[in-house]
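Let me begin by handing over the structure; questions about it come next.
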Amino acid sequence: MSFENSLSGSMKLAHVLFMDIVSYSKLPIDEQASVLHTLQELVRDSTEVAKAREVEQLTSIPTGDGMALVFFNDPTAPVKCALEISRALKSHPEIQIRMGVHSGPVNEIIDVNGRINVAGSGINMAQRVMDSGDAGHILLSKRVAEDLNQYSRWQPLLHDLNEVEVKHAVKVHLFNLYTDEVGNPAPPGTVRKRKKQAVKPWVIAAALAIVIVPIAIVVFLKTRPAAPPARPSKPETEYRTLLQTKADAWADTVFAAQGTDGGIKMSPSSADATTQVWQTAQCLVGVLSLNKNVDAYVPKIKSAFNYLEGLHRPPPIDGWNLYGNLSPYTITEVASWVALANIRSLDSKTAIWNEQEKQEVIKRVVRDLDETIRRQDSGGGWRPIRDENTEFTRTYPTVMALWSLIDAKASPAVGAVVGNKYDEHIRKGINWLLRNYANGQGWVPNPNRSGQREHFEGLTAQALYVLSRAAAVDAFAFIKNESVYRTARQDFLKNKQFADWSIEANDSHLPDADLRFVGTEFLAEGSTFLWFPWTLAELTQLAQDTSMTEDDRQAAKQLRLDIFNQNADKLENYVEAANLMYILGENLYGISVYLNESQNGATP
């Protein structure tokens, strides 16, 4: 008996959401299992999935690197589900997926395991729609878009991409769906490729005629190198004024994004966005590093610190989880950001705390730094969690732990209490960083992994910035004579590609596959390693460092101005376009370093 005859044999109209994890095959096997498990949990928690399952109108099909969700009840269900999952994934930036939605016919069948399943052109077409997308895209077939276009709430979200040729030379009319919060507004690579190839033959012929006929002109032009298009050129004072205006506005945005619990929401434009410890601490560091009076924000600042302390987990777990308070794994770099925020609040020009409160905050800082040093391995590096496995040691938690310890020693309020308590830990951490610098490459997230070729410019800039802060403290001035440190700074200054990069270049993904340990909820790196704010901060350090030659200081200033000029059209809106508070927080800090140097010659 055929499969079809064993069931009803009739076709059904299905509404299919097909999704897969981008670059899944490049992940190590254990990390594949981890990211897939996380995605499956988010899907199970989806409201649309729960509603459809309750009335038995959903079939889920695993595909190895993703899944197909086949809805039978509501044509808008897969689109609502796609938006819901995309919002949830903003809390998991290590998982990049693409989605495709199509409505079409399917048959119920019995699969090889004897279970009821579905198959048919509706599912196949949804996969082809998805295959046309890149990370973050939610692509719709024309049929789905036409159904949605009947409703005013969906109309502004639909963006026509016209026809695209997919597998087996099939042409599909696609629409890109995105909001201010989720989705990918950039045209998919398949669409860009199509536009590039769609040059009319007569245009090519005309171009050839222009090239061939005026031989004398061609010969003349060949003798002169083609000049690159001129980038805008403005005096640095204009950029400084703009960035001061932006920084003031971002400080307002931080507290406009504050939730009722005192934490800062992950996205400033979403009423449903969750609050999180990490970005709350980052935003506080940014605001409290500005050289401005923040009297008007003091009640909100205190509320944010109460939120942070309320989520602190006592020993033996000790620290902060990445999400919620259910996991036994608390994260080193999160605690470092919290410690930095507390230190900034104690040293702020605005009085945040009364004397009694100050003493309590100092105790919190010491408590958190004591836990930080317990996570340092014997080689001097730091692990993201409290674990004795030296293979867990990573660059980012090392950089963050060092920064918090260095700033505690340099702090007028905290330094008087801790004295030399953490000096040896700082020296060991500095030496670990210097040992793990790769000439011509910089620092990589996981130096335990061999054969790495990728460059992590944001991580390298932040590591250099923290080492520069250490070098400014007398106890650690030995760094200035270290050949690796001098080489790293020269390599950084000579990295002229900074002047050609977009400041948005790496704001949307975690650039390394070594992200997660199976069975835990923490990220091994946990940062997108934003290159612009940390490059700006380190160039500002170099520009005022009297141990550098005058030529090197001028080179740092010129490279900084070149970056501004290259991104003159983006500086006005690049943080707002990202719509994520951790990006705002890190940029607010990097720009505060620059603004404070220009105002008084000192970094915060």
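The values are calculated or read from the model by the stated rules, or taken from the named source; none is laboratory data. Remember, it's a predicted structure, so these values are computed and weren't measured experimentally. Neighbour counts are summed over all protein chains in view; Cβ atoms, including those assigned to glycine, are modelled from backbone coordinates with ideal geometry.
Quickly run through segment 156-195 and pick out the residues that are assigned to a helix (DSSP H, G or I) and either modelled with pLDDT of 90 or more or among the β-branched types (Val, Ile, Thr) (or both).
Pro156, Leu157, Thr190, Val191
Which residue is surrounded by the fewest Cβ atoms within 10 Å (Cβ to Cβ), if the candidates are limited to segment 553-570 and must be modelled with pLDDT of 95 or more and of a type in the set (A, V, I, L, M)?
Filtering segment 553-570 for residues that are modelled with pLDDT of 95 or more and of a type in the set (A, V, I, L, M), the one surrounded by the fewest Cβ atoms within 10 Å (Cβ to Cβ) comes out as Leu561.
Filter segment 135-165 down to residues that are under 17 Å from Ala68 (Cα atoms) and not hydrophobic (A, V, I, L, M, F, W, C), then give me how many there are.
Qualifying residue count, segment 135-165: 3.
For Gly64, all conditions in the list (1) in contact with a strand residue (DSSP E or B) (Cβ under 7 Å, 6 or more places away or on another chain); (2) outside any strand (DSSP E or B) hold save one; what is the number of the exception?
(1)
A follow-up question, please. If I filter segment 246-257 down to residues being crowded, with 22+ Cβ neighbours inside 10 Å and touching a Lys or Arg at 6+ places or on another chain (Cβ under 9 Å), which single residue comes out as farthest from Leu595 (Cα to Cα)?
Once the filter is applied, the top-ranked residue is Ala257.
Follow-up. With the checklist (1) of a type in the set (D, E, K, R); (2) under 30 Å from Lys265 (Cβ atoms); (3) modelled with pLDDT under 85 in hand, flag the one item Asp30 doesn't pass.
Here Asp30 meets the rest and fails (2).
Just for segment 344-359: of the residues that are among the hydrophobic types (A, V, I, L, M, F, W, C) and part of a loop (DSSP other than H, G, I, E, B), which one is surrounded by the fewest Cβ atoms within 10 Å (Cβ to Cβ)? Can you show your working first?
Residues of segment 344-359 among the hydrophobic types (A, V, I, L, M, F, W, C): 346, 351-353.
When the remaining residues are screened for being part of a loop (DSSP other than H, G, I, E, B), the result is 351-353.
Working: Ala351: 11, Ile352: 22, Trp353: 20.
Step by step, filter segment 344-359, then rank; the result is Ala351.
While we're looking at this one, here's another question. If you check Thr76 against the conditions, is it loosely packed, with under 13 Cβ neighbours inside 10 Å, at pLDDT 85 or above, in the same structural domain as Val144 (by TED's automatic domain parsing) and among the hydroxyl-bearing types (Ser, Thr, Tyr)?
Working: loosely packed, with under 13 Cβ neighbours inside 10 Å: no; at pLDDT 85 or above: yes; in the same structural domain as Val144 (by TED's automatic domain parsing): yes; among the hydroxyl-bearing types (Ser, Thr, Tyr): yes.
It is false that Thr76 is loosely packed, with under 13 Cβ neighbours inside 10 Å, at pLDDT 85 or above, in the same structural domain as Val144 (by TED's automatic domain parsing) and among the hydroxyl-bearing types (Ser, Thr, Tyr).
While we're looking at this one, here's another question. Restrict the check to segment 294-304 and report whether at least one residue is in contact with a Cys (Cβ under 9 Å, 6 or more places away or on another chain) and either assigned to a loop (DSSP other than H, G, I, E, B) or at negative phi (or both).
For segment 294-304, residues in contact with a Cys (Cβ under 9 Å, 6 or more places away or on another chain) and either assigned to a loop (DSSP other than H, G, I, E, B) or at negative phi (or both): present.
Would segment 304-324 turn up any residue that is within 30 Å of Asp569 (Cα to Cα) and either touching a residue at least 60 places away in the same chain (Cβ under 8 Å) or buried (at least 22 other Cβ atoms within 10 Å of the Cβ) (or both)?
The answer is no; no qualifying residue exists.
So, in segment 34-65, how many residues would count as being surrounded by 14 or more Cβ atoms within 10 Å (Cβ to Cβ) and either among the aliphatic types (A, V, I, L, M) or over 20 Å from Ile123 (Cβ atoms) (or both)?
Final tally of qualifying residues: 12.
Checking the condition in a loop (DSSP other than H, G, I, E, B) and closer than 25 Å to Gly442 by Cβ, which residue from Ser378, Ser336 passes?
Ser378
Among the residues in segment 6-14, are any over 17 Å from Gly122 (Cα atoms), outside any helix (DSSP H, G or I) and modelled with pLDDT under 85?
Taking every residue of segment 6-14 in turn, at least one turns out to be over 17 Å from Gly122 (Cα atoms), outside any helix (DSSP H, G or I) and modelled with pLDDT under 85.
Could you please find all residues in segment 455-485 being closer than 21 Å to Gly440 by Cβ and either among the aromatic types (Phe, Trp, Tyr) or over 29 Å from the mean Cα position of the chain (by Cα) (or both)?
Within segment 455-485, Phe456, Tyr465, Ile479, Glu482, Ser483, Tyr485 meet the criteria.
Still on this model: Can we say Lys409 is in a loop (DSSP other than H, G, I, E, B), closer than 30 Å to Lys358 by Cβ, out of contact with any Ser or Thr (no Cβ under 8 Å at 6 or more places or on another chain) and in the same structural domain as Trp337 (by TED's automatic domain parsing)?
So Lys409 fails the test.
A follow-up question, please. Report yes if His425 is of a type outside the set (Lys, Arg), out of contact with any Asp or Glu (no Cβ under 8 Å at 6 or more places or on another chain), free of Cβ contacts under 8 Å to residues at least 24 places away in the same chain and buried (at least 17 other Cβ atoms within 10 Å of the Cβ), otherwise no. If you could, list the steps in order and put the result at the bottom.
Details: of a type outside the set (Lys, Arg): yes; out of contact with any Asp or Glu (no Cβ under 8 Å at 6 or more places or on another chain): yes; free of Cβ contacts under 8 Å to residues at least 24 places away in the same chain: no; buried (at least 17 other Cβ atoms within 10 Å of the Cβ): yes.
No, not satisfied.
Only one of Arg394, Arg374, Arg367, Arg435 is closer than 18 Å to Phe476 by Cα and not hydroxyl-bearing (Ser, Thr, Tyr). Can you tell me which?
Only one candidate qualifies: Arg435.
Also, quick follow-up: What pairs can you find where one residue is in segment 334-346 and within 8 Å of Val365 (Cα to Cα), the other is of a type in the set (Ser, Thr, Tyr) and surrounded by fewer than 24 Cβ atoms within 10 Å (Cβ to Cβ), and their Cβ atoms are less than 6 Å apart, with a gap of 6+ or different chains?
Ile343/Ser411
Quick one: count up the residues across segment 381-404 that are assigned to a loop (DSSP other than H, G, I, E, B) and either hydroxyl-bearing (Ser, Thr, Tyr) or closer than 21 Å to Pro314 by Cβ (or both).
Matching residues across segment 381-404 total 6.
Please count how many residues of segment 262-294 are of a type outside the set (A, V, I, L, M, F, W, C), farther than 12 Å from Met581 by Cβ and at pLDDT 95 or above.
Going through segment 262-294 one residue at a time, the tally reaches 2.
Also: From (1) in contact with a strand residue (DSSP E or B) (Cβ under 8 Å, 6 or more places away or on another chain); (2) of a type in the set (S, T, N, Q); (3) over 17 Å from His102 (Cβ atoms), pick out the condition that doesn't hold for Asn149.
(3)
Let me ask something else. Given the criteria in contact (Cβ under 8 Å) with a residue 24 or more places away in the chain, closer than 30 Å to Phe529 by Cα and either not aliphatic (A, V, I, L, M) or not in a loop (DSSP other than H, G, I, E, B) (or both), does Glu108 qualify?
Working: in contact (Cβ under 8 Å) with a residue 24 or more places away in the chain: yes; closer than 30 Å to Phe529 by Cα: no; either not aliphatic (A, V, I, L, M) or not in a loop (DSSP other than H, G, I, E, B) (or both): yes.
In short, no.
Let me ask something else about it. Report yes if Asn587 is at pLDDT 95 or above, over 21 Å from His92 (Cβ atoms) and not hydrophobic (A, V, I, L, M, F, W, C), otherwise no. Before you say what the answer is, go through the steps one by one.
Values: at pLDDT 95 or above: yes; over 21 Å from His92 (Cβ atoms): yes; not hydrophobic (A, V, I, L, M, F, W, C): yes.
Against the criterion (at pLDDT 95 or above, over 21 Å from His92 (Cβ atoms) and not hydrophobic (A, V, I, L, M, F, W, C)), Asn587 qualifies.
Which one is surrounded by the fewest Cβ atoms within 10 Å (Cβ to Cβ), of the residues in segment 531-552 that are assigned to a loop (DSSP other than H, G, I, E, B) and without any contact (Cβ under 8 Å) to a residue 24 or more places away in the chain?
Of everything passing the filter in segment 531-552, Thr546 is surrounded by the fewest Cβ atoms within 10 Å (Cβ to Cβ).
Condition check ((1) in contact (Cβ under 8 Å) with a residue 12 or more places away in the chain; (2) part of a helix (DSSP H, G or I)) across all residues:
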{"position": "Leu17", "(1), (2)": "yes, no"}
{"position": "Ala50", "(1), (2)": "no, yes"}
{"position": "Thr59", "(1), (2)": "yes, no"}
{"position": "Arg87", "(1), (2)": "yes, yes"}
{"position": "Met99", "(1), (2)": "yes, no"}
{"position": "His102", "(1), (2)": "yes, no"}
